[in-house]
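Asker: Take this structure, written in C-alpha cells, and hold onto it; I'll ask about it next.
Quick note: the coordinates plus some simple rules give every number you see, no bench work behind them. Since we're looking at a predicted model, the values are computed, not measured. Positions of Cβ are generated from backbone atoms using ideal geometry, with glycine treated the same way; all protein chains shown enter the neighbour counts.
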Amino acid sequence: MVYVNDHYGRLGNKMFITASAYGLARLHSCHLYISPQITKQMNETFILDLSPFLISTTTFNLIINNTSDSMTKITKSVACQYLPELTRPNAILRKHIFELRGYWQSYLHFSKYSEDIREHLFTARQPILEKVSKLFIDIYEQKFDFKPKFSLENHQSFKNQLAQSNWATWIGMH
C-alpha cells in the first residue's frame, strides 16, 4: 500500500505528492491511501478520481489495526529528487505500507501515467474553470480590446482554445 499523510506545502506540493503516490500505486498494483486533509483540499479545486486504487479511511484503519495480519511501515522522505529504485519490481512489497513524506517533486515517479493523471486526478471543477476563464477574458479585453467566448465543457477543451488562439502565446510558469 502507498500512503500519504504528509500535508505540508501548498496546492502544488500536494499535487506532486498525490501524483507520485498514484504513480507508485499503479506501478506496483497496490492500494493507495491519502489522508482526508489532502483529498479535501484537492477536491475543492479538482474532480479527484483515484479509483480503483484509493481506499477509504475506514478500510485503512481496519488494515493498520488488524493485529492478526500486521503490516510493515516504510517511510521515505525526499526533497525534490527521483528514486529510481522505486521502479524496480517488488520495490513496494505485499504487507508493507510505503509512506511518502516530504517534497516528491520529480515527475519521473508518475510520468508513465501522466495522461491518466491529467484526465482523472487534476480535472478542474466548473467554478475554477469559470474563474480562470474570466481572468483570461479580462486580459484579452484589456490588452486586445476583444472579448472571446470560451466553451467551458472541461479543462482540456478550455486549454485547447487558449492554445489555438491567434491573439497571444501563453506561457505557464510556477
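Asker: If the reach is capped at under 15 angstrom between alpha carbons, list the aspartates and glutamates near LYS149, excluding any in the same chain fewer than eight residues apart.
Answerer: Those aspartates and glutamates meeting the cut-off are GLU130, ASP138, GLU141.
Asker: Could you give the distance between the Cα centres of region 20-35 and region 113-174, to the whole Å?
Answerer: Here the two parts' Cα centres lie 29 Å apart.
Asker: Taking amide hydrogens as modeled 1.01 Å from N in the peptide plane, which residues meet the under 5 Å criterion relative to SER165, leaving out close sequence neighbours?
Answerer: Excluding prolines and chain starts, which carry no amide H, there are no hits.
Asker: Still on this structure, please answer the following. Convert each backbone phi in region 7-12 into a coupling constant with the Karplus relation 6.51 cos²θ - 1.76 cosθ + 1.60 (shift: θ = phi - 60°), then list the ³J(HN,Hα) values in order as whole Hz, x for Gly and Pro.
Answerer: Along region 7-12, the couplings run 10, 8, x, 9, 4, x Hz.
Asker: Assuming R0 = 45 Å, can you tell me the calculated FRET efficiency for the pair GLU115 and ASP138, based on Cβ-Cβ distance, to the nearest 0.05?
Answerer: It comes out at approximately 0.90.
Asker: From the phi angles alone, apply the Karplus equation (6.51, -1.76, 1.60; θ = phi - 60°) to region 27-35 and give each ³J(HN,Hα) in whole Hz, x where the residue is Gly or Pro.
Answerer: Per residue, the Karplus-derived 3J(HN,Hα) values read 4, 9, 6, 10, 6, 10, 10, 10, 4 Hz.
Asker: Within a Cβ distance under 12 Å of SER133, other residues only, what is the Lys/Arg minus Asp/Glu net charge?
Answerer: Local charge sum for SER133: +2.
Asker: Counting other beta carbons within 10 Å of each Cβ, put TYR22, TYR82 in order, fewest first.
Answerer: The most exposed by this proxy come first: TYR82, TYR22.
Asker: Okay, moving on. Once you have the Kirkwood Rh of region 48-174 from its Cα pairs, apply Stokes-Einstein at 37 °C and 0.692 mPa s and quote D in µm²/s.
Answerer: 176
Asker: Where does helix 36-45 land angle-wise versus the long Cα axis of the chain, in degrees 0 to 90, nearest 10?
Answerer: With both axes taken from Cα atoms, the answer is about 20 degrees.
Asker: Okay, next question. Within a 10 angstrom radius of the beta carbon, how do PHE98, PHE150 rank from fewest other beta carbons to most?
Answerer: Fewest-to-most ranking of PHE98, PHE150: PHE150, PHE98.
Asker: Can you give the relative contact order of region 31-125 as a percent, counting alpha carbon pairs under 8 Å and 6+ residues apart?
Answerer: Answer for region 31-125 is 37 percent.
Asker: With a cut-off of at most 12 other beta carbons within 10 Å, and DSSP calling the residue loop, which trypsin sites (Lys or Arg not before Pro) in region 22-119 qualify? Please list them.
Answerer: Here the sparse-neighbourhood loop sites are ARG94, LYS95.
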